[in-house]
Amino acid sequence: MNNPAEKQLLLASPRGFCAGVRRAVAIVEEVLQRRPDKPVYVFHEIVHNTKVVQDFTARGVIFVNSIAEIPAGEVVIFSAHGVSKEVENEAGKRGLTVIDATCPLVSALHSEAIKKTAAGEFLVLIGHPEHPETIGTLGRIADQQMAAVAETAEDVKKLNPPPGCRISALTQTTLNNTAIAPVLEEMQKRFGDITLSNRRCYATENRQNAVKMIAEQSELVLIIGSKHSSNSRELCKVAQNAGCEAILIDSPDEIPFERLESISTIGLSAGASAPPELVDNTLRILSRKGFSATIEVGSKIENVTFPLPQTLSEL
(Lines give C-alpha, C1' and ligand atoms only; values in the text may rest on other atoms or scores of the structure.)
Protein backbone atom coordinates (compact mmCIF):
# COMPACT_ATOMS: atom_id res chain seq x y z
CA MET A 1 0.00 0.00 0.00
CA ASN A 2 1.16 3.52 -0.76
CA ASN A 3 1.60 6.00 2.05
CA PRO A 4 -1.74 7.89 2.20
CA ALA A 5 0.17 11.19 2.21
CA GLU A 6 2.18 10.19 -0.85
CA LYS A 7 0.61 11.21 -4.12
CA GLN A 8 1.13 9.05 -7.19
CA LEU A 9 2.09 10.07 -10.71
CA LEU A 10 1.58 7.65 -13.59
CA LEU A 11 4.05 8.52 -16.34
CA ALA A 12 3.15 7.34 -19.85
CA SER A 13 5.81 5.49 -21.78
CA PRO A 14 6.60 6.34 -24.51
CA ARG A 15 6.03 10.10 -24.46
CA GLY A 16 7.46 13.26 -26.02
CA PHE A 17 9.66 13.52 -29.11
CA CYS A 18 9.20 10.89 -31.82
CA ALA A 19 11.80 9.99 -34.46
CA GLY A 20 10.33 12.35 -37.07
CA VAL A 21 10.39 15.30 -34.68
CA ARG A 22 13.91 14.50 -33.47
CA ARG A 23 15.04 14.40 -37.10
CA ALA A 24 13.39 17.74 -37.93
CA VAL A 25 14.88 19.47 -34.89
CA ALA A 26 18.31 17.95 -35.64
CA ILE A 27 18.11 19.30 -39.21
CA VAL A 28 17.57 22.86 -37.97
CA GLU A 29 20.42 22.43 -35.48
CA GLU A 30 22.71 21.19 -38.26
CA VAL A 31 21.85 24.07 -40.59
CA LEU A 32 22.46 26.57 -37.77
CA GLN A 33 25.91 25.07 -37.20
CA ARG A 34 26.76 25.09 -40.91
CA ARG A 35 25.51 28.66 -41.45
CA PRO A 36 26.40 30.46 -38.20
CA ASP A 37 26.36 33.97 -39.68
CA LYS A 38 23.63 33.52 -42.29
CA PRO A 39 19.84 33.53 -42.05
CA VAL A 40 18.01 30.23 -41.69
CA TYR A 41 14.43 30.16 -42.94
CA VAL A 42 11.84 27.53 -42.02
CA PHE A 43 8.55 27.20 -43.90
CA HIS A 44 5.89 26.94 -41.17
CA GLU A 45 6.78 25.87 -37.63
CA ILE A 46 9.38 23.11 -37.78
CA VAL A 47 7.19 21.16 -35.32
CA HIS A 48 4.06 22.30 -33.51
CA ASN A 49 5.53 23.26 -30.16
CA THR A 50 5.78 26.76 -28.74
CA LYS A 51 9.03 26.20 -26.80
CA VAL A 52 10.85 24.62 -29.75
CA VAL A 53 9.86 27.50 -32.03
CA GLN A 54 10.68 30.17 -29.45
CA ASP A 55 14.10 28.64 -28.74
CA PHE A 56 15.00 28.51 -32.43
CA THR A 57 13.66 32.03 -33.02
CA ALA A 58 15.92 33.31 -30.22
CA ARG A 59 18.85 31.76 -32.10
CA GLY A 60 18.02 33.55 -35.33
CA VAL A 61 15.77 31.10 -37.16
CA ILE A 62 13.13 32.89 -39.24
CA PHE A 63 9.78 31.09 -39.52
CA VAL A 64 7.65 32.08 -42.52
CA ASN A 65 4.21 31.18 -43.82
CA SER A 66 4.94 32.06 -47.43
CA ILE A 67 7.85 31.23 -49.72
CA ALA A 68 7.57 34.79 -51.03
CA GLU A 69 8.90 36.04 -47.67
CA ILE A 70 12.27 34.37 -48.31
CA PRO A 71 14.89 36.28 -50.35
CA ALA A 72 15.92 34.57 -53.58
CA GLY A 73 18.86 32.20 -53.30
CA GLU A 74 18.56 31.58 -49.55
CA VAL A 75 18.17 28.28 -47.68
CA VAL A 76 14.72 27.07 -46.60
CA ILE A 77 13.82 24.12 -44.40
CA PHE A 78 10.45 22.47 -44.98
CA SER A 79 8.74 21.54 -41.71
CA ALA A 80 8.13 18.00 -40.46
CA HIS A 81 4.52 18.20 -41.67
CA GLY A 82 5.42 18.29 -45.37
CA VAL A 83 4.45 20.71 -48.11
CA SER A 84 2.44 20.75 -51.31
CA LYS A 85 3.95 20.43 -54.78
CA GLU A 86 3.09 24.09 -55.36
CA VAL A 87 5.24 25.19 -52.41
CA GLU A 88 8.08 22.99 -53.61
CA ASN A 89 7.87 24.45 -57.12
CA GLU A 90 7.74 28.01 -55.80
CA ALA A 91 10.92 27.41 -53.81
CA GLY A 92 12.59 26.15 -56.98
CA LYS A 93 11.54 29.23 -58.95
CA ARG A 94 13.11 31.47 -56.30
CA GLY A 95 16.36 29.52 -56.45
CA LEU A 96 16.15 28.44 -52.83
CA THR A 97 18.24 25.62 -51.45
CA VAL A 98 15.67 23.26 -49.95
CA ILE A 99 16.39 21.11 -46.90
CA ASP A 100 13.40 18.83 -46.51
CA ALA A 101 12.58 17.96 -42.88
CA THR A 102 9.31 16.24 -43.80
CA CYS A 103 8.83 13.19 -41.58
CA PRO A 104 9.50 10.08 -43.69
CA LEU A 105 6.13 8.67 -42.57
CA VAL A 106 4.39 11.75 -43.94
CA SER A 107 6.37 11.37 -47.17
CA ALA A 108 5.04 7.80 -47.36
CA LEU A 109 1.52 9.21 -46.97
CA HIS A 110 2.20 11.57 -49.89
CA SER A 111 3.40 8.69 -52.05
CA GLU A 112 0.34 6.59 -51.32
CA ALA A 113 -2.03 9.49 -52.02
CA ILE A 114 -0.35 10.09 -55.39
CA LYS A 115 -0.42 6.39 -56.25
CA LYS A 116 -4.09 5.90 -55.41
CA THR A 117 -5.35 8.93 -57.31
CA ALA A 118 -3.09 8.20 -60.30
CA ALA A 119 -4.75 4.76 -60.43
CA GLY A 120 -8.15 6.44 -60.81
CA GLU A 121 -9.31 6.08 -57.20
CA PHE A 122 -11.17 8.91 -55.47
CA LEU A 123 -9.23 9.56 -52.29
CA VAL A 124 -10.79 10.67 -49.01
CA LEU A 125 -8.16 11.93 -46.58
CA ILE A 126 -9.52 11.58 -43.05
CA GLY A 127 -8.01 14.44 -41.09
CA HIS A 128 -8.13 18.07 -40.03
CA PRO A 129 -8.53 20.27 -43.13
CA GLU A 130 -6.48 23.14 -41.68
CA HIS A 131 -3.52 21.00 -40.66
CA PRO A 132 -0.29 21.45 -42.70
CA GLU A 133 0.02 17.67 -43.15
CA THR A 134 -3.43 17.50 -44.74
CA ILE A 135 -2.81 20.56 -46.90
CA GLY A 136 0.56 19.23 -48.04
CA THR A 137 -0.81 15.76 -48.82
CA LEU A 138 -3.75 17.00 -50.87
CA GLY A 139 -1.39 19.44 -52.57
CA ARG A 140 0.66 16.52 -53.89
CA ILE A 141 -2.22 15.17 -55.97
CA ALA A 142 -2.15 16.11 -59.64
CA ASP A 143 -5.92 16.01 -60.23
CA GLN A 144 -7.57 17.88 -57.38
CA GLN A 145 -11.00 16.53 -58.39
CA MET A 146 -9.83 13.08 -57.33
CA ALA A 147 -9.40 13.88 -53.63
CA ALA A 148 -11.13 15.51 -50.68
CA VAL A 149 -10.70 15.79 -46.93
CA ALA A 150 -13.26 14.58 -44.39
CA GLU A 151 -12.95 15.40 -40.69
CA THR A 152 -16.42 14.24 -39.63
CA ALA A 153 -19.20 11.94 -40.79
CA GLU A 154 -21.09 15.03 -41.95
CA ASP A 155 -18.22 15.86 -44.28
CA VAL A 156 -18.62 12.45 -45.92
CA LYS A 157 -22.24 13.25 -46.79
CA LYS A 158 -21.05 16.26 -48.80
CA LEU A 159 -18.46 14.39 -50.88
CA ASN A 160 -19.00 14.37 -54.62
CA PRO A 161 -16.70 11.78 -56.23
CA PRO A 162 -16.70 11.31 -60.00
CA PRO A 163 -19.15 8.59 -61.11
CA GLY A 164 -17.81 5.06 -61.27
CA CYS A 165 -14.65 5.73 -59.24
CA ARG A 166 -13.39 3.31 -56.64
CA ILE A 167 -13.34 5.04 -53.24
CA SER A 168 -10.30 4.82 -51.00
CA ALA A 169 -9.36 6.42 -47.70
CA LEU A 170 -6.14 7.51 -46.03
CA THR A 171 -5.72 8.85 -42.51
CA GLN A 172 -3.72 11.76 -41.17
CA THR A 173 -0.82 10.30 -39.19
CA THR A 174 -1.75 11.89 -35.84
CA LEU A 175 -5.44 10.95 -35.49
CA ASN A 176 -6.96 8.60 -32.93
CA ASN A 177 -9.13 5.64 -33.88
CA THR A 178 -12.19 7.09 -32.17
CA ALA A 179 -12.06 10.05 -34.55
CA ILE A 180 -11.49 7.84 -37.59
CA ALA A 181 -14.27 5.32 -36.87
CA PRO A 182 -17.41 7.45 -37.49
CA VAL A 183 -15.97 8.89 -40.70
CA LEU A 184 -15.10 5.44 -41.98
CA GLU A 185 -18.52 4.09 -40.95
CA GLU A 186 -20.28 6.83 -42.92
CA MET A 187 -18.06 6.17 -45.94
CA GLN A 188 -18.95 2.48 -45.89
CA LYS A 189 -22.61 3.34 -45.44
CA ARG A 190 -22.60 5.69 -48.41
CA PHE A 191 -20.12 4.04 -50.78
CA GLY A 192 -20.12 0.39 -49.75
CA ASP A 193 -16.83 -1.33 -50.51
CA ILE A 194 -13.89 1.01 -49.91
CA THR A 195 -10.18 0.53 -49.29
CA LEU A 196 -8.64 2.03 -46.16
CA SER A 197 -4.98 2.63 -45.41
CA ASN A 198 -4.73 3.60 -41.75
CA ARG A 199 -1.61 5.76 -41.77
CA ARG A 200 -1.49 6.53 -38.07
CA CYS A 201 2.23 6.47 -37.34
CA TYR A 202 3.85 4.14 -34.82
CA ALA A 203 4.55 7.03 -32.43
CA THR A 204 0.93 8.18 -32.49
CA GLU A 205 -0.31 4.69 -31.73
CA ASN A 206 2.24 4.03 -28.99
CA ARG A 207 1.57 7.31 -27.18
CA GLN A 208 -2.19 6.92 -27.44
CA ASN A 209 -2.08 3.38 -26.07
CA ALA A 210 0.04 4.49 -23.10
CA VAL A 211 -2.27 7.44 -22.38
CA LYS A 212 -5.28 5.13 -22.40
CA MET A 213 -3.54 2.96 -19.80
CA ILE A 214 -2.76 5.85 -17.44
CA ALA A 215 -6.20 7.41 -17.93
CA GLU A 216 -7.88 4.24 -16.72
CA GLN A 217 -6.01 4.55 -13.42
CA SER A 218 -5.90 8.34 -12.91
CA GLU A 219 -8.17 11.05 -11.57
CA LEU A 220 -6.70 13.60 -13.97
CA VAL A 221 -4.32 13.40 -16.93
CA LEU A 222 -1.96 16.20 -17.93
CA ILE A 223 -0.74 16.25 -21.54
CA ILE A 224 2.27 18.43 -22.27
CA GLY A 225 1.89 19.95 -25.73
CA SER A 226 0.91 23.09 -27.59
CA LYS A 227 -2.73 23.78 -28.40
CA HIS A 228 -2.04 23.78 -32.14
CA SER A 229 -0.36 20.35 -31.94
CA SER A 230 -2.74 17.81 -33.45
CA ASN A 231 -1.10 14.78 -31.84
CA SER A 232 -1.16 16.45 -28.40
CA ARG A 233 -4.84 17.32 -28.69
CA GLU A 234 -5.57 13.75 -29.77
CA LEU A 235 -3.86 12.44 -26.61
CA CYS A 236 -6.31 14.51 -24.56
CA LYS A 237 -9.20 13.00 -26.49
CA VAL A 238 -7.88 9.48 -25.89
CA ALA A 239 -7.78 10.12 -22.13
CA GLN A 240 -11.27 11.62 -22.20
CA ASN A 241 -12.61 8.68 -24.19
CA ALA A 242 -11.16 6.41 -21.50
CA GLY A 243 -13.28 8.25 -18.93
CA CYS A 244 -10.68 10.57 -17.41
CA GLU A 245 -10.50 14.34 -17.48
CA ALA A 246 -7.49 15.58 -19.45
CA ILE A 247 -5.86 19.00 -19.60
CA LEU A 248 -3.42 20.17 -22.28
CA ILE A 249 -0.58 22.29 -20.89
CA ASP A 250 2.02 24.11 -22.98
CA SER A 251 4.45 24.33 -20.05
CA PRO A 252 4.60 23.63 -16.29
CA ASP A 253 3.33 27.21 -15.76
CA GLU A 254 -0.11 26.00 -16.87
CA ILE A 255 -0.42 23.18 -14.31
CA PRO A 256 -3.74 23.66 -12.43
CA PHE A 257 -2.20 23.41 -8.96
CA GLU A 258 -5.46 24.19 -7.15
CA ARG A 259 -7.03 21.12 -8.78
CA LEU A 260 -4.22 18.86 -7.64
CA GLU A 261 -4.82 19.45 -3.92
CA SER A 262 -7.74 17.01 -3.82
CA ILE A 263 -6.20 14.47 -6.24
CA SER A 264 -4.08 11.51 -5.19
CA THR A 265 -3.26 10.01 -8.61
CA ILE A 266 -2.53 11.90 -11.81
CA GLY A 267 -1.31 10.79 -15.21
CA LEU A 268 1.29 12.58 -17.32
CA SER A 269 2.28 12.31 -20.96
CA ALA A 270 3.64 14.55 -23.69
CA GLY A 271 2.83 14.98 -27.37
CA ALA A 272 5.33 13.85 -30.00
CA SER A 273 6.42 17.45 -30.56
CA ALA A 274 7.00 18.28 -26.86
CA PRO A 275 10.72 18.44 -25.92
CA PRO A 276 12.06 16.27 -23.09
CA GLU A 277 13.10 19.26 -20.97
CA LEU A 278 9.43 20.23 -20.61
CA VAL A 279 8.65 16.76 -19.30
CA ASP A 280 11.61 16.86 -16.89
CA ASN A 281 10.63 20.31 -15.55
CA THR A 282 7.03 19.23 -15.09
CA LEU A 283 8.08 16.11 -13.20
CA ARG A 284 10.29 18.15 -10.84
CA ILE A 285 7.50 20.62 -10.09
CA LEU A 286 4.91 17.90 -9.55
CA SER A 287 7.30 16.07 -7.23
CA ARG A 288 7.64 19.21 -5.11
CA LYS A 289 3.84 19.36 -4.99
CA GLY A 290 3.68 15.92 -3.43
CA PHE A 291 3.56 13.61 -6.46
CA SER A 292 6.80 11.89 -5.54
CA ALA A 293 5.77 8.31 -6.30
CA THR A 294 6.33 8.04 -10.06
CA ILE A 295 5.37 4.86 -11.89
CA GLU A 296 6.03 4.40 -15.61
CA VAL A 297 3.08 2.85 -17.44
CA GLY A 298 3.45 1.26 -20.87
CA SER A 299 6.20 -0.97 -22.15
CA LYS A 300 6.62 -0.05 -25.81
CA ILE A 301 10.27 0.65 -26.54
CA GLU A 302 10.91 2.91 -29.50
CA ASN A 303 14.22 2.55 -31.32
CA VAL A 304 13.21 4.09 -34.65
CA THR A 305 15.65 6.56 -36.19
CA PHE A 306 15.53 8.44 -39.48
CA PRO A 307 18.70 9.59 -41.30
CA LEU A 308 19.29 13.25 -42.02
CA PRO A 309 18.83 14.37 -45.66
CA GLN A 310 21.82 14.23 -47.99
CA THR A 311 21.15 17.83 -49.06
CA LEU A 312 22.71 19.04 -45.79
CA SER A 313 26.10 18.22 -47.32
CA GLU A 314 25.49 20.89 -50.00
CA LEU A 315 25.60 23.71 -47.44
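Structure notes:
- Test: residue in region 245-252 that is free of Cβ contacts under 8 Å to residues at least 40 places away in the same chain, surrounded by 22 or more Cβ atoms within 10 Å (Cβ to Cβ) and assigned to a helix (DSSP H, G or I): no
- The number of residues in region 1-57 that are under 24 Å from residue 260 (Cβ atoms), at pLDDT 95 or above and among the small types (Gly, Ala, Ser) comes to 3.
- Number of positions in region 44-93 that are more than 22 Å from the chain's Cα centre (by Cα) and surrounded by 15 or more Cβ atoms within 10 Å (Cβ to Cβ): 6
- Residue pairs whose Cβ atoms lie under 9 Å apart, separated by 6 or more positions or on different chains, with the first residue in region 158-169 and surrounded by 10 or more Cβ atoms within 10 Å (Cβ to Cβ) and the second hydroxyl-bearing (Ser, Thr, Tyr), are 166/195; 167/195; 168/117; 168/195; 168/197; 169/195; 169/197.
- With a requirement of 1 or more residues that are farther than 30 Å from residue 286 by Cα and of a type in the set (D, E, K, R), the helices (runs of 4 or more DSSP H) lying completely within region 11-128 that satisfy it span 19-34, 85-93, 104-118.
Conditions (1) touching a Leu at 6+ places or on another chain (Cβ under 9 Å); (2) in a helix (DSSP H, G or I); (3) among the basic types (Lys, Arg); (4) at pLDDT below 95, marked per residue:
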{"residue": "237", "(1), (2), (3), (4)": "no, yes, yes, no"}
{"residue": "267", "(1), (2), (3), (4)": "yes, no, no, no"}
{"residue": "284", "(1), (2), (3), (4)": "no, yes, yes, no"}
{"residue": "307", "(1), (2), (3), (4)": "no, no, no, no"}
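Quick grid of which residues meet (1) free of Cβ contacts under 8 Å to residues at least 40 places away in the same chain; (2) in contact with a strand residue (DSSP E or B) (Cβ under 7 Å, 6 or more places away or on another chain):
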position: 56; (1), (2): yes, no
position: 66; (1), (2): yes, no
position: 75; (1), (2): no, yes
position: 84; (1), (2): no, no
position: 97; (1), (2): no, yes
position: 100; (1), (2): no, yes
position: 140; (1), (2): no, no
position: 152; (1), (2): yes, no
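The values are calculated or read from the model by the stated rules, or taken from the named source; none is laboratory data. None of the values given here were measured: they were computed from a predicted structure. Note that each Cβ is placed from the backbone with ideal geometry, even for glycine, and that neighbours are counted across all protein chains shown.
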